[in-house]
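The values are calculated or read from the model by the stated rules, or taken from the named source; none is laboratory data. Small disclaimer: the values here were computed from a predicted structure and weren't measured. Glycine gets a Cβ as well: all are built from the backbone with ideal geometry, and neighbour counts include every protein chain shown. Side chains are part of the model used for accessible areas, which takes the heavy atoms of the whole protein and leaves out ligands, DNA and RNA. Shrake-Rupley method; radii C 1.70, N 1.55, O 1.52, S 1.80 Å.
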Amino acid sequence: MNSRTRILLPMLASAILFGVYWLALKQLDPTLWREVLGENFQGLLFAAFVPLIFLVVRLLDAFIFDLLLSRRRHMSAPQLMRDVVAIVLYFAFFTWTTSKLLGFSITKWLAAGTVIAAILGLALQETLGNLFSGIALNMEDSFMVGDVLRSGDYIGVVEGVTWRATRVRTFNNNVVILPNSLLARERLEVFPRDRVNGRVLQVGIDYNVPPATVISVLTQSASHVDGVSREIPCFARVASFGDSSLVYEIKYYTRDYSARDRIDADVRKAVWYALRRNSIPIPFPIRAFHPYEPPKHEEHDVAAEDVRERLEEVDILAPLADAAHDALVNAARVKFYSRGETILRMNTAGDSMFIVHEGTVSVRIPDDSQAGRHEVAQLGPGALFGEMALLTGEARTADVVALTDVTAIEISKDALQPILRDHPELSHIISSKVTERRMRLHELQTSSMEEEEMTLLTRIRSYFGL
């Protein structure tokens with residue numbers, strides 16, 4: 001419906017109804033009309049005022065928004081604002097008309113409908129939020145129809161603003177309906193249709209080409225693209241140093257930001273041809289590939305010769321032949337332990353022994369003291385522990401804890417078993433060596449206990465003056 005039809009239809013309807021009312025009131029017998037219409041006789045006059053109200057509101061709308069704003073201030077009023085103003089005018093005119101012609105008091109109706117209004121207000125909270133958000137956006141002139149709008153992940157041209165939402169057509173020709181309340185909360189980026197908006201593109205150029213030459217070529221090629229504004233000249237500049245190219249930025253301006261994808265493509269195409277004409281290469285990405293190699297911990301490596309020398313120092317392995325030592329060296333495992341780490345735990349199963357190569361370990365057994373254990377020995381390089389588990393398979397008889405960072409050589413049952421199977425007589429020799437070693441340790445412990453007892457006796461006598 002065009003603007004002329006919107007004016008003529010209510011004018012014609014109002015004229016006809018007022019003519020019927022005048023005819024009934026002046027030319028014919030009023031008593032007859034009152035018998036036909038009854039109490040609705042005054043309603044005929046109200047019916048004549050209804051199209052008149054529509055006519056007056058539409059005339060005011062055309063005068064205020066089409067004549068004053070559009071022609072004098074060159075502004076286009078949003079449809080939402082026109083709808084809100086029309087609703088306010090309709091409400092005012094209909095309230096006055098019903099009060100004067102029908103005797104209906106709108107104030108009484110409002111007082112009686114307070115509870116209903118509160119219920120409707122809660123039910124329509126989101127709808128009213130969209131309405132007032134739309135009004136606020138229009139009053140602030142945040143954006144207009146035809147502007148490019150970016151909100152969150154959406155960007156497109158504003159096609160319309162209603163009382164509930166804003167209609168945006170994206171650059172992929174999809175239509176997105178954004179609630180006004182969402183737009184009022186979100187960060188908006190607006191590109192007005194009647195202003196010059198900037199746009200930046202990047203291109204990488206060979207490091208060997210002088211920047212002054214490149215900037216001149218890029219600027220000239222971009223300035224001739226259709227859609228690039230002549231009001232603010234476009235320009236090129238060095239942006240950054242890339243991995244394989246010197247990165248330039250081309251900044252151009254346009255009044256039709258909705259055509260940015262087409263203009264970007266045309267600028268890139270023009271730049272490609274201009275670079276080709278001037279023999280300026282666009283370099284391919286260059287990457288240097290280095291395979292990963294784990295770091296070598298040379299400080300922990302133990303050479304086979306060192307392992308052999310350490311094994312030859314062990315008395316219980318002395319009876320073994322050179323070939324047997326070679327087999328043990330190949331089967332031995334070098335273990336590393338940090339300070340404070342427990343190497344062996346008492347009463348746990350085991351089938352290997354350890355020779356200290358570097359560092360110091362503490363041998364501890366449980367007791368009734370507050371600590372729950374006490375140290376019986378400290379072992380350094382060349383000492384061995386855990387041999388009974390290797391030779392007999394019995395459980396560990398003590399805790400062994402690293403006092404420093406320790407490098408130890410482990411000999412397992414699997415490494416010693418083939419040697420003893422081929423040479424059974426070695427088991428008797430090793431057994432004798434282990435027995436001799438344990439007896440020496442027992443003598444040392446007994447001697448130590450006697451010395452400790454004598455020392456304690458001397459201290460007691462000295463304390464009491466005996």
When ligands, DNA and RNA are left out and all protein chains stay put, how many square angstrom of accessible area per residue does the range 243-368 have with a 1.4 Å probe? 63 Å²
For Ile343, list long-range residues whose amide hydrogen, built 1.01 Å from N in the peptide plane, is under 5 Å from its own amide hydrogen. Val400, Val401, Ala402
Checking rank on 229-235, 357-363, 316-322, with mean other Cβ inside 10 Å and highest first, the result is 357-363, 316-322, 229-235
Take the alpha carbon gyration tensor of the range 282-406, find the square roots of its eigenvalues, order them as a ≥ b ≥ c, and report rounded if a/c is under 1.5; if not, report prolate when a/b exceeds b/c, else oblate. oblate
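Students sometimes get this wrong: rank Ile155, Ile263 by accessible area, probe 1.4 Å, all chains present, largest first. Write down the numbers at each step before the final one.
On the way: Ile155 25, Ile263 0 Å².
The residues order as Ile155, Ile263, largest area first.
First measure r as the distance between the Cβ atoms of Ala15 and Thr162, then evaluate 1/(1 + (r/R0)^6) with R0 = 35 Å and state the FRET efficiency to the nearest 0.05.
Working: r = 33 Å, r/R0 = 0.94.
Efficiency for this residue pair is about 0.60.
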Most to least accessible of Asp66, Asp405 (protein chains only, probe 1.4 Å): Asp405, Asp66
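Using a 1.4 angstrom probe on the protein heavy atoms only, line up Arg255, Arg287 by accessible area, largest first.
Values: Arg255 100, Arg287 165 Å².
My answer, sorted largest first, is Arg287, Arg255.
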Probe 1.4 Å, protein heavy atoms only - accessible area per residue of the range 188-242 in square angstrom: 58 Å²
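Heavy atoms only, probe 1.4 Å: what % of the accessible area of the range 356-419 goes to carbon and sulfur, would you let me know? Walk me through the numbers on the way to the answer.
Details: 1360 of 2890 Å².
On the range 356-419, the fraction of accessible area on carbon and sulfur atoms equals 47 percent.
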Quick one: accessible surface of Met11, probe radius 1.4 Å, all protein chains present, in square angstrom to the nearest 10. 90 Å²
Full extension from Ala303 to Ile282: what is 0.36 nm times the residue separation minus their Cα-Cα distance, to one decimal in nm? 2.1 nm
Among 347-353, 279-285, how do they line up by average Cβ neighbours within 10 Å per residue, starting with the highest? 347-353, 279-285
To the nearest 10 Å², what's Tyr273's accessible area with a 1.4 Å probe? 120 Å²
Give me the percent of accessible area attributable to carbon and sulfur for the range 238-277, probe 1.4 angstrom. 47 percent
Please work out how much accessible surface Thr397 shows to a 1.4 Å probe, ignoring ligands, DNA and RNA, in Å² rounded to 10. 90 Å²
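Round to a whole number: what % of the accessible area of the range 167-221 belongs to carbon and sulfur, probe 1.4 Å? Could you put the intermediate results ahead of the total?
On the way: 1420 of 3190 Å².
Whole-percent figure for carbon plus sulfur exposure: 44.
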